[in-house]
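Participant: Got a structure for you, questions after.
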Amino acid sequence: MPATHTAPRLRTNASGKRATNLSLSTDVLDAAKHLEINISQVCDIHLREVVRREQERKWREDHADFIAAYNNSIDAQGLPLDEWRSF
């Protein structure tokens with residue numbers, strides 16, 4: 001029977017977090033530990049923000065042609081229902 005190779009499973013806990021390895025600057029890591037900063041939490045929060053910004057940038061890039069066409073149509077024809085606007 002041929003041997004099969006399976007990738008090692010990464011541990012995931014009940015909160016949906018997974019252990020990973022990071023390489024961090026020694027001086028910053030030492031200072032954070034000295035200040036009792038939760039390194040995992042800080043990394044998670046910052047990475048979430050970086051991912052959110054990148055997803056927004058990618059969405060704007062992916063939809064740039066539509067947004068430009070829509071803005072051109074508004075410039076040429078005005079806003080829909082603009083004639084009924086009371087402000």
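Quick note: the coordinates plus some simple rules give every number you see, no bench work behind them. Computed from a predicted structure; not experimentally measured. Cβ sites come from the backbone with ideal geometry, for glycine too, and all protein chains shown count toward neighbours.
Participant: Mind listing the phi-derived Karplus ³J(HN,Hα) values for segment 58-70, rounded to whole Hz, using 6.51, -1.76 and 1.60 with θ = phi - 60°, and x for any glycine or proline?
Facilitator: Here the 3J(HN,Hα) series is 5, 4, 4, 5, 5, 10, 4, 5, 5, 4, 5, 5, 5 Hz.
Participant: Then there's this: What ratio of Cα Rg to 2.2 N^0.38 Å holds for segment 26-76?
Facilitator: 2.02
Participant: How far apart, in nanometres, would the label points at residue 20 and residue 59 be if each is projected 7 angstrom from Cα along the Cα-to-Cβ direction?
Facilitator: Result for the modelled spin labels: 2.1 nm.
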